[in-house]
Amino acid sequence: MPSYFISHGGGPWPWIPNMREALAPLADALARMPQEIGRRPSAVLMISGHWEKDTFAVMSAAKPPMVYDYYNFPPETYEIQYPAPGAPELAQHTADLIAAAGLPVSMDAEQGYDHGTFVPMALMYPEADVPLFQVSMRHGYSPEEHFALGRALAPLRDEDVLIVGSGLSYHNLREFGPRAKVPSEEFDTWLNAALQLPAAARTEALLNWEQAPYARACHAQEDHLVPLFTALGAAEEEAATQVYHQKDIFGGVTASSFRFG
């Protein structure tokens, strides 16, 4: 399986007509992913920019609930259901891989699917028939630790598990409009160039992402960038392909998504 870093959009956007229209290229890109992959995954492992813990927590519920972690949207968006089954046995296997890498790990039987997970999955696999679970980010957002997490998860790719880092290549909600135009374009240009570097140089560039143009203007808090480190760590030696690119989203934002392998 390849791994992906996807820009997942804002809130429950596929269920909001004007937002879905604005993000139609993203909807198309997410819907294309099963065809790009070419075969059905045994499960999807999502690392979302909306779940972080003191350890790398692994979702272990057989039937995870929904988490509506967005605000001021229409009432019906708080009734959305994405009833994909969890993957308890695979979750335990995943926790064992993380522990074997010397990283702190825990199991979480209560956590549900946040919108960084169920929103893209509703477009990727609308029948909700592929087992789905999440691994959290860890507080502190250490690039080195999240790359190490990806390396620990890499063997799952040989078990047909699709590893997806779900965030946004630009995420500064206070500047989500025309003022995002220059920072997001400059950062996106840097990111695309960095991901085409040879493997060692690419890893080094991402570990030092704060040196990129407008890095902190685009990611005042890097929760939506961190999933990229894990997705790339899981396919560290493999080529990067841009699979989504859109400019002037909501009047200014440039965003991209990538496949590794």
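If you check every pair at least six apart or on different chains, which have Cβ atoms under 8 Å apart with a residue in the range 142-158 that is within 15 Å of Gly102 (Cα to Cα) and of a type in the set (D, E, K, R) first and a residue that is at pLDDT 95 or above and part of a helix (DSSP H, G or I) second?
As it stands, the answer is Glu144/Leu207; Arg151/Gly233, since those pairs meet every condition given.
Using the structure shown, decide if Tyr82 is of a type in the set (Phe, Trp, Tyr), outside any helix (DSSP H, G or I) and surrounded by 13 or more Cβ atoms within 10 Å (Cβ to Cβ).
So Tyr82 passes the test.
Can you pull out the helices (runs of 4 or more DSSP H) entirely within the range 168-255 that have at least 2 residues that are hydroxyl-bearing (Ser, Thr, Tyr) and either within 19 Å of Gly11 (Cβ to Cβ) or open to solvent by 10 Å² or more (accessible area, probe 1.4 Å) (or both)? Before you say what the answer is, go through the steps one by one.
Details: elements: 181-195, 199-207, 215-218, 226-233.
Passing ranges, in order: 181-195.
Looking only at the range 80-111, count every residue that is among the charged types (D, E, K, R) and touching a strand residue (DSSP E or B) at 6+ places or on another chain (Cβ under 7 Å) and tell me the total.
1
Taking Pro2 and the conditions (1) in contact (Cβ under 8 Å) with a residue 60 or more places away in the chain; (2) surrounded by fewer than 16 Cβ atoms within 10 Å (Cβ to Cβ), which numbered condition does it fall short on, given that it satisfies the others?
(2)
If you take the residues of the range 9-24 that are touching a residue at least 12 places away in the same chain (Cβ under 8 Å) and part of a helix (DSSP H, G or I), which of them is most open to solvent (accessible area, probe 1.4 Å)?
Trp15
Which residues, counting only those in the range 25-69, are under 26 Å from Val243 (Cα atoms), part of a loop (DSSP other than H, G, I, E, B) and under 17 Å from the mean Cα position of the chain (by Cα)?
Pro41, Gly49, His50, Trp51
Starting from the range 209-237, take each residue that is within 18 Å of Lys181 (Cα to Cα) and list its partners that are open to solvent by 10 Å² or more (accessible area, probe 1.4 Å) and among the basic types (Lys, Arg), counting only C-beta distances under 8 angstrom and pairs at least six apart or across chains.
So the pair list comes out as Ala220/Arg174.
Could you tell me whether Glu110 is surrounded by fewer than 18 Cβ atoms within 10 Å (Cβ to Cβ) and over 23 Å from Ile16 (Cα atoms)? Give the derivation first.
Numbers: surrounded by fewer than 18 Cβ atoms within 10 Å (Cβ to Cβ): yes; over 23 Å from Ile16 (Cα atoms): yes.
So Glu110 passes the test.
Condition check ((1) touching a residue at least 40 places away in the same chain (Cβ under 8 Å); (2) farther than 19 Å from Pro155 by Cα; (3) in contact with a Pro (Cβ under 7 Å, 6 or more places away or on another chain)) across all residues:
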| site | (1), (2), (3) |
| --- | --- |
| Pro34 | yes, yes, no |
| Ile37 | yes, no, yes |
| Ala43 | yes, no, yes |
| Glu52 | yes, yes, no |
| Lys63 | no, yes, yes |
| Asp69 | yes, yes, no |
| Glu79 | no, yes, no |
| Pro83 | yes, yes, no |
| Leu97 | yes, no, yes |
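The values are calculated or read from the model by the stated rules, or taken from the named source; none is laboratory data. On a predicted model such as this, the values are computed, not experimentally measured, just so you know. Here Cβ is always computed from backbone atoms with ideal geometry, including for glycine, and neighbour counts include all displayed protein chains. Remember, those area values only see protein heavy atoms, side chains included, never the ligands or the DNA or RNA. Shrake-Rupley method; radii C 1.70, N 1.55, O 1.52, S 1.80 Å.
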